[in-house]
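Remarks on the structure that follows.
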Amino acid sequence: MSEIDAKNRSFMQAALTLAQNAAQRGEVPVGCVIIDGESGEVIASASNRTEEIDDPTAHAEMLAIREAANKAGSARLPGCDLYVTLEPCPMCAQAISFARFRRVYFAAYDPKSGGVDHGPRIFEQPTCHHKPEVYGGIEEQAASELLKSFFKERR
């Protein structure tokens, strides 16, 4: 994984901070950061807000994608990279494909609800119009521990 370096880890750390903030608000702890792949500038970030705004589509990725597209003035974000603390679900994976992201980096794998390496594997489907480069497992332990702790407190 030569693609994974200190820069990539720092963006994932920023996403983890957003995930921790979500947990403090009672949201499933997932954070997302979108960067311009050329400049490395953060152009959007978000954490889950499904409970806060009563919107089942208010996943961190969806909110960050909306913000980035709005800033870009375009529904396509081909030069952008997305960092998220949990493997994207099928809804988010499809949105990532539609937005034409260059790369996706995620922390924890999600065997139950994931849509990239698990479940429907959206990017592998013949109907998928765009497949970004995908790198999973970056800061996986930290993200997994945050999720486990969050759900343990609710049981």
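Computed from the coordinates by the stated procedures, all read-outs in this text should not be read as laboratory data. Remember, it's a predicted structure, so these values are computed and weren't measured experimentally. With ideal geometry, Cβ positions are generated from the backbone for all residues, glycine too; neighbour counts draw on all protein chains shown.
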| Separation of alpha-carbon centers, the range 87-144 and the range 15-35, rounded to whole Å | 17 Å
| note | the chain, Gaussian network, Cα under 10 Å: of 135, 83, 109, the residue fluctuating most is 135
| If you count the DSSP beta bridges with both ends in the range 21-111, what percent of them are antiparallel, to the nearest 5? | 65 percent
| message | Compute the angle between helix 140-154 and the longest alpha-carbon principal axis of the chain, please, reported from 0 to 90 degrees and rounded to the nearest 10. | response | 40 degrees
| Within straight-line cross-link reach of residue 131, lysines at Cα separation under 22 Å, skipping those fewer than 8 residues along the same chain | 112
| remark: Rg from C-alpha atoms of the range 30-118, normalised by the globular rule of thumb 2.2 N^0.38 Å, equals 1.00
| said: Once R0 is set to 41 Å, what does the formula 1/(1 + (r/R0)^6) return for the Cβ-Cβ distance between residue 39 and residue 153, expressed as a FRET efficiency to the nearest 0.05? | reply: 0.60
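Can you run the Rg to Rh ratio on the range 75-155? Use alpha carbon positions and the Kirkwood inverse-distance Rh.
1.02
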| note | Taking only the alpha carbons of the chain, the radius of gyration and the largest Cα-Cα distance, Dmax, both in angstrom, are 14.2, 43
